Amino acid sequence: MSEGYVRKEDPFLAQWRGRRVWLLDALLWGRYQVKERHALWFVTGLETVESLLPFIHGWNAHTHFNGGDEPSWQEFLDWFQVTRGQPLKQDWYVQPLRDCQGDHEKAALVLLELVAEYVERFGVAPRGKAASLDEKVAATYGPLPREWGGRQVELLDALSWIRRRMHEGQDLSFFTGQDSVDSLYAFTSGWILNTVVNARKDLTVAPFQEWLRDVKKEFPGEGWHVKYLQDCQGDHRKAALKFLDFAAEFRASR
């Protein structure tokens, strides 16, 4: 970002005050960031179109792990399948990226413009057209830790659980949609944004980041996902587990 770059006032912040912010809200905000500021990285933490779904997975995990749901997102997915003739797949971005000659922002806008089209017709709030997501969440994640019941699930809780499941043999894609350390980075961005805009206090994020930076010297400017992938010679699983191991170490020290 150049020094002469001036940020426009964000038109979404005032609209969100005092109400639930849905995933569709966040994606419209992401569309604004891409179209007006050329800042996909500001939304997902990365500049690549494939970071969009892991970001969505992170947002939804925050909601689901805390006992909520995102029925309007399911309604969008149902609408997408009807209008596009197929479900939204993990590799949805491959053809748009080709069509856009490798321009990741334009490719991301292919999905984000569809979100805007849907919201223009139906709004961001649930319409009551989606079935309960309890069974789908259970099928997606399996049983969640019992100790989460009745309290807020914070980012370090989720990271520790992901680490445990990976050590049990689960692929990272089970949580983030992709087996890449970049997807874990975008996942955390989605989780944190949900926390912030819905005014939920997470007492683990800032202290963990400060501990990584000040104690472990492991919070580089290029991002931990870049450094850890280099440290692990391009092994994405090992790079993800390196971050998750730090999260577990920090959590055990509290």
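Annotations
- Each label point was placed 7 Å from the Cα along the Cα-to-Cβ direction; for Glu147 and Arg98 their separation is 4.8 nm.
- Taking the range 1-99 and dividing mean pair separation by its residue count, relative contact order in percent (alpha carbons under 8 Å, at least six apart): 20
- Pairs of Lys in the chain closer than 13 Å at Cα, counting only those 8 or more apart or on different chains: 6
- Accessible surface for the range 74-202, divided over its residues, is 52 Å² per residue with a 1.4 Å probe.
- Computed over the range 139-254: relative contact order in percent, which uses C-alpha pairs under 8 Å that are six or more apart: 31
- Förster radius 35 Å - calculated FRET efficiency between Arg164 and Arg127 (Cβ-Cβ, nearest 0.05): 0.40
- Sulfur and carbon atoms: percent of accessible area, the chain [1.4 Å]: 50
- Rough spin-label spacing in nm, given labels placed 7 Å along Cα→Cβ, for Gln86 and Glu47: 2.9
- Computed over the alpha-carbon atoms, the range 63-189 gives an Rg to Rh ratio of 0.99, Rh here being the Kirkwood radius from the mean inverse distance.
- With the simple model of a label 7 Å out from the Cα in the direction of the Cβ, Gln209 to Lys238 spans 2.9 nm.
- Rg/Rh for the range 39-97, where both radii come from Cα atoms and Rh is the Kirkwood radius: 1.00
- Rg [Å, one decimal], Dmax [Å, integer] - the chain, C-alpha atoms: 18.1, 51
The values are calculated or read from the model by the stated rules, or taken from the named source; none is laboratory data. Everything numeric here is computed off the predicted structure, so don't read it as measured data. So basically every Cβ, Gly included, is an ideal-geometry build from the backbone, and we count neighbours across all protein chains shown. Each accessible area value is taken on the protein alone, full model and side chains, heavy atoms only, with ligands, DNA and RNA left out. Shrake-Rupley method; radii C 1.70, N 1.55, O 1.52, S 1.80 Å.
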